[in-house]
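I have placed the structure first, in the form of C-alpha cells, so that the comments after it can refer back to it.
Rule-based calculations on the coordinates, nothing more; no lab input. On a predicted model such as this, the values are computed, not experimentally measured, just so you know. Counting neighbours? That spans all protein chains shown, and the Cβs are built from the backbone with ideal geometry, glycine included.
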Amino acid sequence: MDETGVMLSMLGSVKVLVSKDDKRTYRGARVKRTTVTAIECISADSRYLNPMIIWPATTHRSNWTTFPTPGWHYACNESGYTDSNISLQWLERVFDLETKEFANGRPRVLILDGFGTHETLKILEYCFANNIALCRLPSYTSHKLQPCDVAVFGPLKTAYREQVERLERGGVNAIGKEHFTYLYKPARERAFTAKNIKAGFAASGLFPFNPDRVLRTVPKPPAEPTPVVTNEAPSQDDAVLQTPITPVSADSLMLLQDLILKKDAHALDETSKQNLQRHLLKLAKATQLSLTKSALQHNHIQLLMAVDNEAKPRRSTRADILEKGSGQVFSYEHLQNRRLKRAEEAAAKEAKANAKGQGKRGQKGKNTVQETAEATASTSTVRRGRKRKSTVLEAEAGRSMPKGKAARDRDRLL
C-alpha cells in the first residue's frame, strides 16, 4: 500500500515562451496546483484494490463524482493528505473487505512505508484482531523497496498527464476536481497492468525474494580513476549516421501518380510529359493536404464529442454539498444514494411549491367569481329599483290630475 499525490492539471514544470524584450518577471498560468491524494494497493499476483481518493476540502461536492467509479471510496480533509483516521478507514473498508475472501482465513501481509499515521494503536489492534501482518519498510527506502514507487506510479502519472493534455486540446481551459475521476480512471487502467505490477515486485526484490536485486543498484563509493589506454582505431561504421526513415502518407495516391507517369504518359512528347508531371505533383500535394486536414478535423470532432458527453452529467449536476465533516470516508455507492436522495427532496419541494401556487390561484379565482356574482346582484338590484321608480312615475302620470277653475267653467257650459 502506498499513497501518491496527483496534481490536477500539470504534473511537471510549466515553461512559458516570451519575448526577450518583455521585462515582466512572472506570468499568470491557468494551472491549478491543487493536489489530490490517492491510496493504492497492489499484490504480487498482479491484482490491485479499489483506490481511496482524498480531496483537499472539508465538504464533498456532488459534481466531483459524476463519472461512474463503482467500488471507489472518497475522503476529504483540509490538507488533502492521509491521516490516522483515514488510514484506519481504508484498512477496514478497502483492504480487509477486498482481501478477506481471497485469503480464506490465511494471514495477510500488508507492506507499507514508515509513515506515522500507519502505525497507530487502533490500526495495530485491528490488524491483530483480523490476522493482518504489517510489514514496515525502513525509512528513506520506498524508492527502492516500494513496488508502487518502482514501477507503477511513474506510468500512472505519465498516463494522467496525457489525459490532461488531451482534455485541454478539447477546449477545457481549467482542470478542476470535477474532472479528476474522468481523467484518473483511464490513466489508472493503463498503468495498473500485470506487467507493471509484477515488474515492481521483482525490481524491489520482494517477489520473487531476491535482496541482491536491490543491493546491486545501490551506488558504491567512488574508486580512484585509472587511465584506460586503448589502441583500437575508430571504425568508419561508427562515424556513419543512420538516417531516420520518414513515414509517407496517402500511399495509394502516390502509387496512382507513378502509374500515370510511367504507363499512361509514355505516348506523350517530352514537353507534354513534363507539364503532366508538374500538374500531377500539384494535384497530389493538394490532395494530401486535404486528406490530412480531414483526418485532423475528424479526430478533433471525436475529441470534442467525447469531452462534451463527459461534461453533460457534470453540468446538469449542481455542486451541492453531499456530506460534511473532515476526515470522513464515503463510498461511491453512498454518494450516489445521497445524490438521489437530494434529487428526490428537491423534486418533492418543487412539487409542494407548485401545489401551493395552484392553491393560491384557485382561491384567487374563487374570490373573483364571488365578487363578480355580488357585483352582478348589486347591478340587477339597482336596475330593478330604477325600473320600479319609473313604473311609479308612469302610474302617477296616468292618474287624473285635479282640474283648474277655467276648466270646470268650460265643462259646465258644454
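A few comments on the model shown:
- Residues Leu145, Leu124, arranged from fewest to most other Cβ atoms within 10 angstrom of their Cβ, appear as Leu124, Leu145.
- Debye intensity ratio I(q)/I(0), log10, the stretch 79-202, q values 0.15, 0.23 Å⁻¹ (C-alpha model): -0.90, -1.33
- The stretch 103-161: chymotrypsin sites (Phe, Trp or Tyr not before Pro) in DSSP loop, at most 12 other beta carbons within 10 Å: Tyr140
- When Met52, Met1, Met254 are sorted by how many other C-beta atoms sit within 10 angstrom of their C-beta, beginning with the fewest, the order is Met254, Met1, Met52.
- DSSP-assigned coil residues among chymotrypsin sites (Phe, Trp or Tyr not before Pro) in the stretch 173-215, each with at most 11 further Cβ atoms within 10 Å: Phe209
- Using 0.36 nm per residue and subtracting the Cα-Cα separation, the extra length available between Asn275 and Glu168 on full extension is 33.9 nm.
- Computed label-point distance, nm, for sites Gln288 and Ala129 using a 7 Å Cα→Cβ extension: 7.2
- Span from the the stretch 145-206 Cα centroid across to the the stretch 89-116 one, whole angstrom: 23
- Computed E for Ala343/Ala103 - FRET, C-beta separation, R0 35 angstrom, nearest 0.05: 0.35
- Between the amide H of Gln328 and those of Cys76, distances stay under 5 Å, these residues lying 5 or more places away or on another chain, with hydrogens modeled in the peptide plane.
- Residue exposure proxy: Thr82, Thr58, ordered by other Cβ atoms within 10 angstrom of their Cβ from fewest to most, comes out as Thr58, Thr82.
- Taken one residue at a time, the phi angles of the stretch 276-292 give Karplus couplings (6.51, -1.76, 1.60, θ = phi - 60°) of 5, 5, 5, 5, 5, 5, 5, 5, 5, 5, 5, 5, 4, 4, 5, 5, 5 Hz. Gly and Pro are set to x.
- Between the amide H of Ile111 and those of Cys135, distances stay under 5 Å, these residues lying 5 or more places away or on another chain, with hydrogens modeled in the peptide plane.
- Distance between the modelled labels on Thr58 and Leu296, one decimal in nanometres: 4.9 nm (7 Å Cα→Cβ projection).
- Members of Lys100/Lys198; Lys157/Lys195; Lys198/Lys220 lying beyond 19 Å, as alpha-carbon distances in this model show: Lys100/Lys198; Lys198/Lys220
- Karplus-based coupling profile of the stretch 78-88, in residue order and whole Hz: 5, 7, x, 10, 6, 9, 5, 5, 5, 4, 5, with θ = phi - 60° in 6.51 cos²θ - 1.76 cosθ + 1.60 and x standing for Gly or Pro.
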